[in-house]
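The structure appears below as structure tokens.
The values are calculated or read from the model by the stated rules, or taken from the named source; none is laboratory data. Computed from a predicted model, the values in this text were never measured in an experiment. Cβ sites come from the backbone with ideal geometry, for glycine too, and all protein chains shown count toward neighbours.
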Amino acid sequence: MTVTISRLYENYADAQRAITSLEAAGVPHSDLSIIANNSDNWYGAEKKVDRTEEGAATGAGIGAGLGGAAGLLAGLGVLAIPGLGPVVAAGWLASTTLGVMAGAATGTIVGALTEAGVSEEEAPLYAEGVRRGGTLVSARVPEAERARFESILDQSAVNIRERSAAWQRSGWETFDASAQPYTADDVRKERELP
């Protein structure tokens, strides 16, 4: 049986290292996924995927058939996700997100995360972390090896409990897919916080 494990990273570079480490430890790229905030357009406007259905179909295939961490990461595409705005995404979670949004079952990244096996308690925290400029890495791993793979992901991950407690002290309650996405300035300010 497989389980989904996820961690939030301050930046894309830390998340990329986590993916490389997971693959080196034996997680196939087909079981890895990354979603990174792109409000500051760090990935580049020329790589954007259409927001049309055709673009969504293209985005759904991101990462498919690519080999190795370099392949997964080379398969990045830019998508617009409600509440998050522009994100750079690759892997199975990007496909799940597009499917949930298209089906409008729960219609958000939170719905995609919970459908993928992330707890209902943690899914909004990860979504808000990406909204505020972070990068989410999710992996499907054998349940028997969960602790080993979690220790790899924990190496440079944000402590999501501490971070969400700080958000709550400033008035945040939960992820809101109808909220305005963070701007580049908002993300910069968020990254400057201790």
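Details
- Test: Asp31 is surrounded by fewer than 21 Cβ atoms within 10 Å (Cβ to Cβ), charged (D, E, K, R), modelled with pLDDT of 85 or more and more than 23 Å from Arg188 (Cβ to Cβ): yes
- All conditions in (1) modelled with pLDDT under 80; (2) surrounded by fewer than 17 Cβ atoms within 10 Å (Cβ to Cβ); (3) not small (Gly, Ala, Ser) hold for Glu120, with the sole exception of (1).
- Cβ pairs under 7 Å, 6+ apart, first in the stretch 15-44 and in a loop (DSSP other than H, G, I, E, B), second loosely packed, with under 15 Cβ neighbours inside 10 Å and of a type outside the set (Val, Ile, Thr): Ser39/Ala184; Asp40/Ala184
- Selection of the stretch 111-160 for residues being under 22 Å from Ala24 (Cα atoms) and among the aromatic types (Phe, Trp, Tyr) yields only Phe149.
- When we screen Gly44, Gly26 for residues that are out of contact with any Cys (no Cβ under 8 Å at 6 or more places or on another chain), at pLDDT 95 or above and surrounded by fewer than 14 Cβ atoms within 10 Å (Cβ to Cβ), the only hit is Gly26.
- Just so you know, in the stretch 130-151 the residues that are among the aliphatic types (A, V, I, L, M) and either within 17 Å of the chain's Cα centre (by Cα) or in a strand (DSSP E or B) (or both) include one that is surrounded by the fewest Cβ atoms within 10 Å (Cβ to Cβ), and it is Val141.
- Qualifying positions in the stretch 152-177 - outside any loop (DSSP other than H, G, I, E, B), surrounded by 15 or more Cβ atoms within 10 Å (Cβ to Cβ) and either touching a strand residue (DSSP E or B) at 6+ places or on another chain (Cβ under 6 Å) or in contact (Cβ under 8 Å) with a residue 40 or more places away in the chain (or both): Ile152, Leu153, Ile160, Arg163
- Enumeration of residues in the stretch 178-194 that are in a loop (DSSP other than H, G, I, E, B), at pLDDT 90 or above and under 18 Å from Leu8 (Cα atoms): Pro181, Tyr182
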